[in-house]
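Take a look at the structure below.
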Amino acid sequence: MHFKQALPYPFKGAFCFILINFLLSLSGTIISPIFPLYLKEFVTNNAQVGYLTSFIGAVLLLSALFSVFLLKKIKRFTLLLVSILIITASYYLFMIITTLSHLLILLFFRTSAVILSFITLGLYVRDSVKKKDNLGKTEGFYFTFLNLAWLLGPLVGGSLAETFSFNFVFAIASFFALIAGIVSLTTIKNHEEQDHDHHDLLANVKDYFKHKNLTLLYIFSAGLAVWWITIYTFLPLFLTEEGISKSVIGTTLFLVAIPLILLEFFTGKLADKYGIKNFFTLGFFILFLFGIITFFTENPIIIIALFVLGCFGAAFVEPLREAYLFKTLRKQDSARFYPVYMTGFDVGHLVGPLLLSSVLLYTNFKAVFLTTAVLMLLFMLTTRLMRDTTNNIQTRKRTTRP
């Protein structure tokens, strides 16, 4: 039987985009155990690594906003291929740059390419789904494969870095980005038109934030970003100070992806039936609960276990953010509002490291973990203010905007 014929609906229509996303994500996750350590080679302390991460967040934010303009001028297919080309080349440039100024320039172009690739792939996946009732299931597949990359990549990257060098890890990562480009070139049909949206960027932003539920979704995206910044930036730095090896750091990042692999698809299916709001509340509560316990723990191995358990909460939030958005939006508003929505995570990627690095400057990593936990509690309480998707589906027919 042909492979695509064997795939269950709705996986069949979105398969090539999910595969491309997987390969591209794998190229990035392979370097995740070493990237904070690589950045530290250009600065003097751990807090400054966080500030570099905030710079990346600022670029993510600006690029996501600018993508609204690009999507009206350039075909998605072209944007995707150019972005993948830049990402592939960036790994080789990481091997040769030696100054902070060169690093900042490279991070600017690479980060812009990363966000453009994920925006275009997200829109492709959305357009491949014919029925809104299947969105949760499709997003579950999408994020399951995304987290499969986050499962395998850190384990491979940490082991390779321990055995070989940072440059060898960058070379392996570039290979998977190249394969993603080849799959894109050979499987995506280059016949779609540009997104014809007559609203300008400011109008899109203004209209998006007119709606309380979309605003709350934006806030939750920022909150989730803070959690992942804690794990993928500050946790490796903490473990390195505790004398933990690169291979163990890679194993740690491998383990934090397991809860998402186990739960995200089933969470999406349940949310299609029962709504999303309560899953958001439960997810942030779990993040808070295990995050707060790390403050009272000294053993780094136990801290690793607590963060892994906390990621069961992330599995109730991550795949459902986009499902909530697309269940709320009309299809013709997707290209208009999706890039604005994407900046929520970018705002968290910008503000989170700034806040946590400032905490780290004057205290220690345990205070950073405590700050993250308190923020998760605030986001959990905020989830109770939003309308559930079961109500949105019923009322959307009577409204012209989300």
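Just checking, how many residues over segment 11-56 are over 30 Å from Thr186 (Cβ atoms) and aliphatic (A, V, I, L, M)?
8
Just checking, which of Leu361, Leu370 is closer than 15 Å to Ile231 by Cα and among the hydrophobic types (A, V, I, L, M, F, W, C)? Don't jump to the end; show me each part of the working.
Numbers: Leu361 fails: closer than 15 Å to Ile231 by Cα.
Of Leu361, Leu370, the one residue that is closer than 15 Å to Ile231 by Cα and among the hydrophobic types (A, V, I, L, M, F, W, C) is Leu370.
In segment 336-388, what count of residues is obtained for those that are out of contact with any Ser or Thr (no Cβ under 9 Å at 6 or more places or on another chain) and of a type in the set (Gly, Ala, Ser)?
Total satisfying the criteria: 2.
For segment 293-320, how many residues meet the condition of being surrounded by fewer than 21 Cβ atoms within 10 Å (Cβ to Cβ) and either under 23 Å from Lys73 (Cα atoms) or of a type outside the set (A, V, I, L, M) (or both)?
Residues meeting the conditions: 7.
Can you tell which of Leu52, Leu26, Leu37, Leu60 is part of a helix (DSSP H, G or I), out of contact with any strand residue (DSSP E or B) (no Cβ under 8 Å at 6 or more places or on another chain) and closer than 18 Å to Phe176 by Cβ? Write out each step before concluding.
Details: Leu52 fails: closer than 18 Å to Phe176 by Cβ; Leu37 fails: closer than 18 Å to Phe176 by Cβ; Leu60 fails: closer than 18 Å to Phe176 by Cβ.
Selected residue: Leu26, the only one of Leu52, Leu26, Leu37, Leu60 that is part of a helix (DSSP H, G or I), out of contact with any strand residue (DSSP E or B) (no Cβ under 8 Å at 6 or more places or on another chain) and closer than 18 Å to Phe176 by Cβ.
For Ile31, indicate whether it is at pLDDT 90 or above, crowded, with 20+ Cβ neighbours inside 10 Å and more than 20 Å from Gly153 (Cα to Cα).
Here the answer is no, as Ile31 does not meet what is asked.
Find the residue count for segment 247-291, including only residues that are among the β-branched types (Val, Ile, Thr) and out of contact with any Ser or Thr (no Cβ under 9 Å at 6 or more places or on another chain). Working first, answer last.
To start, the set of residues in segment 247-291 that are among the β-branched types (Val, Ile, Thr) comprises 248-249, 251-252, 256, 258, 261, 267, 276, 281, 286.
With the extra rule that they be out of contact with any Ser or Thr (no Cβ under 9 Å at 6 or more places or on another chain), the set shrinks to 248, 252, 256, 258, 267, 286.
Qualifying residue count, segment 247-291: 6.
Return the residue satisfying two criteria in turn: it lies in segment 40-74 and is at pLDDT below 90 and in contact with a His (Cβ under 9 Å, 6 or more places away or on another chain), and of such residues it is surrounded by the fewest Cβ atoms within 10 Å (Cβ to Cβ).
Lys72
Just the residues that are under 26 Å from Val156 (Cβ atoms) and crowded, with 17+ Cβ neighbours inside 10 Å, please, taken from segment 254-275. If you could, list the steps in order and put the result at the bottom.
Taking segment 254-275 and keeping what is under 26 Å from Val156 (Cβ atoms), we get 254-265.
Passing the criteria: Phe254, Leu255, Val256, Ala257, Pro259, Leu260, Ile261, Leu263, Glu264, Phe265.
For Leu80, which of the numbered conditions (1) buried (at least 19 other Cβ atoms within 10 Å of the Cβ); (2) closer than 22 Å to Val205 by Cβ fails to hold?
With (1) buried (at least 19 other Cβ atoms within 10 Å of the Cβ); (2) closer than 22 Å to Val205 by Cβ applied to Leu80, the lone miss is (2).
Looking at Thr144, Thr120, which one is of a type in the set (Ser, Thr, Tyr), at pLDDT below 95, assigned to a helix (DSSP H, G or I) and touching a Lys or Arg at 6+ places or on another chain (Cβ under 7 Å)? Talk me through it step by step, then tell me what you get.
Numbers: Thr144 fails: touching a Lys or Arg at 6+ places or on another chain (Cβ under 7 Å).
The match here is Thr120.
Among the residues of segment 198-221, which ones are aliphatic (A, V, I, L, M) and buried (at least 22 other Cβ atoms within 10 Å of the Cβ)?
Step one: list which residues in segment 198-221 are aliphatic (A, V, I, L, M), which gives 201-203, 205, 214, 216-217, 219.
Within segment 198-221, Leu214, Leu217 meet the criteria.
Only one residue in Thr111, Thr138 is buried (at least 22 other Cβ atoms within 10 Å of the Cβ), modelled with pLDDT of 90 or more and assigned to a helix (DSSP H, G or I). Which one?
Numbers: Thr138 fails: modelled with pLDDT of 90 or more.
Of Thr111, Thr138, the one residue that is buried (at least 22 other Cβ atoms within 10 Å of the Cβ), modelled with pLDDT of 90 or more and assigned to a helix (DSSP H, G or I) is Thr111.
So Thr98 clears everything in (1) without any contact (Cβ under 8 Å) to a residue 60 or more places away in the chain; (2) outside any loop (DSSP other than H, G, I, E, B) except one condition, right? Which one?
(2)
What residue, among those in segment 347-391 that are more than 28 Å from Asn45 (Cβ to Cβ) and surrounded by 20 or more Cβ atoms within 10 Å (Cβ to Cβ), is modelled with the lowest pLDDT?
That would be Thr389.
The values are calculated or read from the model by the stated rules, or taken from the named source; none is laboratory data. Computed from a prediction, not measured in an experiment: that's the story for all the values here. Don't worry about glycine lacking a Cβ; one is built from the backbone with ideal geometry, like all the others, and counts go over all protein chains shown.
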